1. Please compare each pair in Lys235/Lys311; Lys244/Lys281; Lys259/Lys283; Lys259/Lys282 to a cut-off of 22 Å on the Cα-Cα distance and tell me which ones are over it.
2. How large is the charge dipole for the chain, taken about the Cα centre, if only the Cβ atoms of Lys, Arg (+1) and Asp, Glu (-1) carry charge, to the nearest 20 debye?
3. Say a paramagnetic label sat at a point 7 Å from the Cα of Gln315, along Cα to Cβ; which residues of region 262-297 have their backbone N under 20 Å from it?
4. Would you kindly state how much longer the chain becomes between Glu124 and Val249 on full extension, computed as 0.36 nm times their sequence separation minus their alpha carbon distance, in nm to one decimal?
5. Using amide H atoms built in the peptide plane, which far-off residues or other-chain residues are under 5 Å from Asp205 H to H?
6. How many angstrom lie between the C-alpha centres of region 54-126 and region 204-244?
7. Taking every DSSP beta bridge that has both residues in the chain, what percent is antiparallel when rounded to the nearest 5?
8. What residue among Phe49, Phe87, Phe203 shows peak mean-square fluctuation when the chain is described by a Gaussian network model with Cα springs under 10 Å?
Amino acid sequence: MPRASRFLRLTTWTILLAAVWFVSARIVPLLDGSQDPPPDSLGRGAQRFLEAARASGAQRVHPQRYQSAKDALKRARFEMNLQVAGFWGTRDFTRAQKSMDEAQRKAFLLWKDTEAHQDRMRKEAERLIAEARESLDDSLDLVEASLPVVSTRSHIAAAEMHLKKAQTYLAAARYDEAAAEARASRSSSGHAHARSRLSLSRFSDPGNVSRWRGWIRQAVEASKGPAGIALVVNKEQHVLQVYKNGRLVRTVPVDLGAKSINQKMHAGDRATPEGLYRVVKKKGHGQSKFGLALLLNYPNEEDRRRFAELKARGQLTRRTGIGGLIEIHGQGGLGYDWTDGCVAPDDRDMAVLYNETPLNTVVAIVGSDGGEGPIRSMLRRAESYR
């Protein structure tokens, strides 16, 4: 009997404890509210951060992270819906809430990182666009002076196109694309810059400058002779200088050949020749298309030698001639280079030159005197560009 009594009491206590456990597991959740969905069971917070990230450009900047955040929110909502659909007393939102918290964390960090990236790239794009604009402006000056070929002009056109696209992307807050277009613009203007610098480099070549200065000295010395006058044409400065008895007495502006930066090589190249020449004929009104004129002895011996070498190397066709009729004539002063190779002051200056310049007057035509000039100044800026 005592043994049966103990067994009965043990069984009773076991049943009682099981009942208490069952009540705790089923009744307490009903009282503490854990069966109710969380306040943000729909994930509105995560959705707001996700939309803010998308508005900031997350789909372009962080496409994989953006998709991952969307998927995380989708999974969290699915788990929430499973619990909401469950029977009262059997729900457990713990796991669903953790998933929702993780989805919101991902969306928040995505938005924050996208904003930081966009701010950084905006500043970078603005800097690159400013540099591209400066590079294009520098290149335009150099290209204009260098009489560019088609390929150089195409580089400039590409630089302008890329810069315009960069500015459009910047206005649309697409900073990565803006930066890329700005880099492309600077690259294109850099190609044009390099080509133009190469074509103008002859103006800073020590050998050329030394030769030009030698011609100037010879002309100045000649002005001390019987004629008492000599002329020096500086192509870089676009001026004609009058020397009398070794002294510079007057400087007049002149227009030159349409391809004035080049040394004249053959007929029709529209370049003004460089060298030491003499006035071989004075043409009065009606003897020249351009009023008064002083005819020079182009081609001289040096011109003929250079022309023969070009022919021998096959750089000129058999039918190409050396050219001639290089004059100092009137109707200039237009402010741009338009002649076929001649030197053109305005009519007033030409009348003075015509009257004071006798036959056999020495005329030195040089690319530069080696001093400060627009082309040499641009070349120095070009060196700093590199």
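1. Values: Lys235/Lys311 26 Å; Lys244/Lys281 20 Å; Lys259/Lys283 25 Å; Lys259/Lys282 25 Å.
Going by Cα-Cα distance, Lys235/Lys311; Lys259/Lys283; Lys259/Lys282 fall outside the 22 Å limit.
2. Numbers: 61 positive and 44 negative charges, 255 e Å.
Rounded to the nearest 20 debye, it is 1220 debye.
3. Within reach of a label on Gln315: 262-276.
4. Values: separation 125, 0.36 × 125 = 45.00 nm, distance 5.51 nm.
Here the answer is 39.5 nm.
5. Answer set, sorted by chain and number: none.
6. Region 54-126 and region 204-244 have Cα centres spaced 78 Å from each other.
7. Values: 23 of 30 bridges.
Roughly 75 percent of the beta bridges in the chain run antiparallel, per DSSP.
8. Looking only at Phe49, Phe87, Phe203, the biggest GNM fluctuation is shown by Phe87.
Rule-based calculations on the coordinates, nothing more; no lab input. Given the structure is predicted, the values throughout are model-derived calculations rather than measurements. Virtual Cβ from ideal backbone geometry, glycine too; neighbours counted across all protein chains shown.
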